[in-house]
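Student: The structure is given below, and queries will be raised subsequently.
The values are calculated or read from the model by the stated rules, or taken from the named source; none is laboratory data. Computed from a predicted model, the values in this text were never measured in an experiment. Neighbour counts run over all protein chains shown; Cβ positions are idealised from the backbone, glycine included. Accessible surface areas use protein heavy atoms only, side chains included; no ligands, DNA or RNA. Shrake-Rupley method; radii C 1.70, N 1.55, O 1.52, S 1.80 Å.
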Amino acid sequence: MKHLFSLLENNDSSDASTVDSQVNRRDFLKFVVIGGAGLTLGLSLDSAHAEMSGPGKTSADESLTNGQFAPNAFIRIEPDNTVHVIIKHLEMGQGTFTGLSTLIAEELEADWSQIKPHAAPANAALYNNLLWGPAQGTGGSTAIANSFEQMRKAGAAAKMMLVAAAAQLWDLPADEISVSQGVVSHKASGKSASFGELAELAAKQDVPEPEEITLKDPKDFVLIGKRIPRKDGGKTDGTAIFTQDIKLDGMQTAVVTHSPRFGGKVKTFNADKARKMPGVTDVVQISTGIVVLATDFWSAQKARETLDITWDNSQAATASSEALLTEYKTLAKKPGLPAKKTGDADQAFKNAAKVIEASYEFPYLAHAAMEPLNCVAHFTGDSCEMWYGAQIHTMDQGAVAALLDLKPAAVKINTLYAGGSFGRRGNPKSDYVLEAAEIAKAKKGTPIKLVWTREDDMRAGYFRPMYYHTLKAGLDKDNKLVAWEHRIVGQSIAKGSAFEGMMVQKGVDVTSVEGASNLPYDIPNMHVELHTTDPGVPIQWWRAVGSTHTAYSTETFIDEIASAAKIDPIAFRLKLLTNKPRHHGVLKLAAEKAGWDSKLPKGRSRGIAVHESFNSYVAQVAEVSVQDDGSYKVERVVCAVDCGIAVNPDIVKAQMEGGIGFGLAPTLVSEITMDNGAVKESNFHDYQVLRMNQMPDVEVHIVPSAQAPTGVGEPATPVIAPAVANALFNATGKRYYRLPIKKA
Amino acid sequence: MSTTITLNGKDTAIDASPDTPLLWVLRDHLALTGTKYGCGMAQCGSCTVHLDGVAIRSCVTPLSAVASKKVTTIEGVATKEAKAVQAAWDKLDVVQCGYCQSGQIMSAAALLSTNLNPEDSDIDAAMSGNICRCATYVRIRAAIKEAAAELGAQS
Ligand code: FES
Ligand code: FES
């Protein structure tokens, strides 16, 4: 989703000839405008939409109460002095409840303790992602970036109205009135009032015009840039409500048996035994499989095991990872579609003094968020209400509306905390949401909770695609890198989804090549090419998307070239990073903090990698220790990040730590294997993920910056694998061309 | 068929098939949803509760196995170790998505109840059965040490 971002931000690593810059915004509108509501790109001051939903508040709209001050779509101040903040982005652990609240509280001059965040309802007009256009959604590490000005303006406007109310009440000039920590006061007269006390009168003041709103000078920030506690509460005492925890009157739990092979359909089924089992209320067929409904999960699950289903596999996928790899290797021998072309690489290779070649293999990966997918839906015939961790709210809303033949506004989405997502809940085809809606349609009038087991979650997709890369570099006689050819083979995430019009340009899916087509290194002759395959395996974005593979191949290959040229890998990179001050900044900071030039304790080796994704810059130094049997441990990681202004430095650190841990899983252990169109792995015993004993010490350093903030949810993830592989090289002398690296 | 357990200090009669895993008894029959489902096969630790004070995986523990025993869930845990763990978790802002954290806290509290001064290797041994996909491990480790120090200072 990076290019969505690139539309509005000037990315210093973008290049006029890359696919990113050719994205046509109107195409995006065409595909993703759902709902037909008017588009409000700026600050909406429409208080008619005062509905709130979210964790702990899972029922109806909250209409305006007496004395409430609702200056815009993001703020509700109650007479009891609570400031309710409406959060348009999904809270999936990355900290939107805290970050967006901070922006509002900063300009409102609220006290942090009076702030209470709630998830916004789905509404493209009020709560769209400003970097996406008229769609509400969370992804591409855009939550803070697109909200930075919007939320601050919302807070500033509310503050102006509170001040105007105090001026009226006290009959004093507004410019003598100040606000601090939730108190409105007039110094000379000693008068003061809380927000709650002024709420009713503030609601009667004129809403300021956007041009009247001025924002604080960053040097006066009291919350932004400081360590303040998180606001997504209830997560240490079991009271936080996730989708899995929703219970509605008369609700039935639904489990679905999907075709083991992708593309298989139900031919016949016999559910006689299942129907007779205790607790079972119904068995129905839907487009994706057979659904067992019961009063509770365990009854449904036990009954499901007795189903006798015959599958029609005539259209089923036959993909196997091994065969796919052979096919991909053959494809990579031929030129693909151009994703970037500068100079004449073919000619430059002919003249090169030295040519280095390498190829890289990346398996499918599951997101495997801790909360397996689930969704609650209640279809009444003329409306559908849903409860789940919605990530692309208005796309889901439009898809469900189309399925149920409703107007989008008749689909009400209550967004709950998501127990992780890593992209999975933002499925470009709304897969699990539509599955819930289809069950709700079959059970009209009955609320249903769709629950995927871990096995369902792991086997039904959607996955980070499998990729194969080849890389070729040419050095001249002075060891200068003069030619570069990079071929990528794999499936397109956007193709066939609502995002195709925007993300696929001249046959090249930008998510397949991001990180490669905008390689930051200054190489005069460069070809980046793509082969897109279609083996029928469902795939989608996975935390950091294209960079999950491009950062690995490019950053280990650059390291390999540096050692072939016998130049220090940091010095080699810095020299090629012309006019890339932010890459320089993080590389130098990471190197300095890791003590790059210092001696390591015995048995340890270190390696470095740097990568920009979503306009944030990350460098990491990994320290590893290798045993004689090839087992190894990542002991320590020093991470430097430049994400512009760090709105909440502690959350930036948490996202770096977590992003590194998430990226270490596919470095060390994670892998999904296709076998005749089906997935071999099923649960955490065979799809392994990172555990406590494998987590390194992590040290995070933030580059001080006055630039607008960029995202931190994803950019740490792709950097760790190449940093570890480069460290392993320094221990073993071997290069690693396949992830995961199970043995050094 | 009714089974009685001492749940969070109260005798509780449960009308569920004895082979029902304790996890689903808690979640679906008793509406105690703080204990989470993550894998159903003792691989992830999301469902960790205390059985007579010891951390167990409720997803693989049938109701019949806990008859007449003391079960404590995140909703009822109130030992000084658990309180210190929760306070340390909040102080260090350990949580991200939060889904795994009930289980993490129950495992950490059980660890501290038998070992007031855990080394890194003790933490690895006690906590490696609890997966956190958000990878909050760095902070979990720090928070356990913080809680241990706090408990040490109290005693
Ligand atoms: S749900 Fe019990 S260990 Fe995973
Ligand atoms: S906090 Fe998200 S899985 Fe642990």
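Student: Just give the residues from region A:418-439 buried by at least 50 square angstrom of accessible area in the all-chains context relative to the isolated chain, probe 1.4 Å, and say none if nothing qualifies.
Tutor: none
Student: Something else now. Work out which residues of region B:12-56 lose at minimum 50 square angstrom of accessible surface when the other protein chains are put back, relative to the chain isolated, with a 1.4 angstrom probe, and list them by number.
Tutor: Buried-area filter returns B:W24, B:D28, B:Y37, B:M41, B:Q43.
Student: Residue by residue through region B:2-16, which ³J(HN,Hα) values in whole Hz follow from phi under the Karplus form 6.51 cos²θ - 1.76 cosθ + 1.60 (θ = phi - 60°), with glycine and proline marked x?
Tutor: So the J values, rounded to whole Hz, are 9, 10, 10, 10, 8, 9, 6, x, 10, 5, 10, 8, 10, 9, 8.
Student: How far is it, in nm, from the label point at A:S113 to the one at B:T6 when both lie 7 Å from their Cα along the line to the Cβ?
Tutor: 3.9
Student: How fast does region A:323-439 diffuse by Stokes-Einstein, in µm²/s, taking the Kirkwood radius from C-alpha pairs at 10 °C and 1.306 mPa s?
Tutor: Details: Rh = 18.2 Å.
The calculation lands on 87 µm²/s.
Student: Along the charge dipole of the protein assembly as shown, Cβ charges K/R +1 and D/E -1, which of A:A436, A:H186, A:T554 sits furthest on the positive end?
Tutor: Toward the positive end, the furthest listed residue is A:T554.
Student: In degrees, nearest 10, range 0 to 90: what is the angle between the Cα axis of helix B:80-91 and the longest Cα principal axis of chain B?
Tutor: Helix B:80-91 sits roughly 60 degrees off the main axis of chain B.
Student: Once Lys and Arg get +1 and Asp and Glu get -1 on their Cβ, which of A:V85, A:L404, A:L576 lies farthest toward the positive end of the dipole of the protein assembly as shown?
Tutor: Working it through, the farthest residue towards the positive pole turns out to be A:L576.
Student: Still on this model: Against the 2.2 N^0.38 Å scaling, with N counting residues, where does region B:80-154 land? I'd like the Cα-based Rg ratio to two decimal places. Before the final figure, lay out each step's value.
Tutor: On the way: Rg = 10.9 Å, N = 75, 2.2 N^0.38 = 11.3 Å.
The value comes to 0.96.
Student: Let me ask something additional. For a quick check: with amide H placed at 1.01 Å from N, whose amide H comes under 5 Å from A:G644's, ignoring anything fewer than 5 positions away on the same chain?
Tutor: A:T710
Student: Residues with amide H under 5 Å of B:L7's amide H, sequence separation 5 or more or different chain, H placed in the peptide plane at 1.01 Å from N; which?
Tutor: When sequence neighbours closer than 5 places are left aside, the close amide H contacts are B:T12, B:V71.
Student: With label points built 7 Å along Cα→Cβ from the Cα atoms of A:V355 and A:N270, find their separation and express it in nm.
Tutor: 6.3
Student: Suppose every K and R has +1 on its Cβ and every D and E has -1 on its Cβ; what is the size of the dipole of chain A about the Cα centre, in Debye to the nearest 20?
Tutor: Details: 77 positive and 85 negative charges, 392 e Å.
Magnitude of the dipole: close to 1880 debye.
Student: Using a Förster radius of 56 Å, what is the FRET efficiency between B:D19 and A:A564 based on their Cβ-Cβ separation? Nearest 0.05, please.
Tutor: Values: r = 62 Å, r/R0 = 1.12.
Computed FRET efficiency for B:D19 and A:A564: 0.35.
Student: What residues of region A:225-274 lose no less than 20 Å² of accessible area with every protein chain in place versus their chain by itself (probe 1.4 Å, heavy atoms only)?
Tutor: With the partner chains in place, region A:225-274 has these residues losing at least 20 Å²: A:R227, A:R230, A:K235, A:T236, A:D237, A:G238, A:F242, A:Q244, A:D245, A:K247.
Student: Please report, in debye to the nearest 20, how large the charge dipole of region B:80-154 is about its Cα centre when each Lys and Arg carries +1 at its beta carbon and each Asp and Glu carries -1 there.
Tutor: Values: 7 positive and 9 negative charges, 42 e Å.
Magnitude of the dipole: close to 200 debye.
Student: Here is a follow-up. Quick check for you: with a 1.4 Å probe and neighbouring chains kept, what is the accessible area per residue of region B:2-72, in Å²? Let's see the in-between values first.
Tutor: Values: 2580 Å² over 71 residues.
Value for region B:2-72: 36 Å² per residue.
Student: In addition: Taking the Cα atoms only, what angle lies between the long axis of helix B:137-154 and the longest principal axis of chain B, rounded to 10 degrees?
Tutor: Compared with the principal axis, the helix lies near 80 degrees.
Student: Given the options A:Q136, A:G381, B:Q43, identify the residue whose Cα lies farthest towards the positive end of the charge dipole of the protein assembly as shown (+1 on Cβ of Lys, Arg; -1 on Cβ of Asp, Glu).
Tutor: So the residue we want is B:Q43.
Student: Let me ask something else about it. Answer rounded, prolate or oblate for chain A, using the Cα gyration tensor with square roots of eigenvalues a ≥ b ≥ c: rounded when a/c is under 1.5, else prolate when a/b is larger than b/c, else oblate.
Tutor: Oblate.
Student: Report the gain in length on full extension from A:Q315 to A:K429: 0.36 nm times residue separation, minus Cα-Cα distance, nm rounded to one decimal. The partial results should precede the final answer.
Tutor: Details: separation 114, 0.36 × 114 = 41.04 nm, distance 1.96 nm.
Between A:Q315 and A:K429, full extension yields 39.1 nm more.
Student: Further question on the same structure: Ballpark to the nearest 100 Å², how much total accessible area do A and B bury together, probe 1.4 Å? Intermediate results must be reported in sequence, preceding the final value.
Tutor: Numbers: alone 27780 and 7730 Å², together 31190 Å².
The contact between B and A buries close to 4300 Å².
Student: Enumerate the lysines that A:K187 could reach by cross-link, defined here as Cα to Cα under 18 Å, with residues fewer than 8 away along the same chain left out.
Tutor: A:K159
Student: Something else about it: Search the structure for amide H atoms under 5 Å from the amide H of A:S320, placed 1.01 Å from N in the peptide plane, and list their residues when 5 or more places away or on another chain.
Tutor: Correct list: A:N676, A:G677.
Student: A further question follows. Rounded to the nearest 0.05, what FRET efficiency is calculated for A:K599 and B:A65 with R0 set to 45 Å and r the Cβ-Cβ distance?
Tutor: Values: r = 55 Å, r/R0 = 1.22.
So the FRET efficiency works out to roughly 0.25.
Student: Highest first, please rank the peptides A:578-584, A:306-312, A:656-662 by the mean number of other Cβ atoms sitting within 10 Å of their residues. Let's see the in-between values first.
Tutor: On the way: A:578-584: 16.6, A:306-312: 14.7, A:656-662: 28.4.
Highest mean packing first, the order is A:656-662, A:578-584, A:306-312.
Student: So, in nm, how far is label A:D171 from label A:R735 when the simple model puts each one 7 Å beyond its Cα toward the Cβ?
Tutor: Roughly 8.3 nm, to one decimal.
Student: Can you work out the FRET efficiency for the pair A:D382 and B:A31, with r the C-beta to C-beta distance and R0 = 22 Å, to the nearest 0.05? Write down the numbers at each step before the final one.
Tutor: Working: r = 30 Å, r/R0 = 1.38.
For A:D382 and B:A31, the calculated efficiency is 0.15.
Student: Next up: Express the relative contact order of chain B as a whole percentage, based on alpha carbon pairs under 8 Å and six or more residues apart in sequence.
Tutor: Numbers: 273 pairs, mean separation 36.8, N = 155.
24 percent.
Student: Heavy-atom accessible area per residue, chain A, 1.4 Å probe: how many Å²?
Tutor: It amounts to 35 Å² per residue over chain A.
Student: Taking every DSSP beta bridge with both residues inside the protein assembly as shown, roughly what % is antiparallel (nearest 5)? Mind dumping the intermediate values first?
Tutor: Values: 102 of 135 bridges.
Percent antiparallel among DSSP bridges in the protein assembly as shown is about 75.
Student: So what are region A:579-629's ellipsoid semi-axes, whole angstrom, largest first, if each one is the square root of 5 times an eigenvalue of the alpha-carbon gyration tensor? Can you show the working numbers first?
Tutor: Working: eigenvalues 134, 34, 7 Å².
In descending order, the three semi-axes are 26, 13, 6 Å.
Student: Also: Percent of accessible area on the protein assembly as shown owned by carbon and sulfur, 1.4 Å probe? Display every interim value, and only then the final one.
Tutor: On the way: 15450 of 31190 Å².
Taking all protein chains in place, the protein assembly as shown shows 50 percent carbon and sulfur surface.
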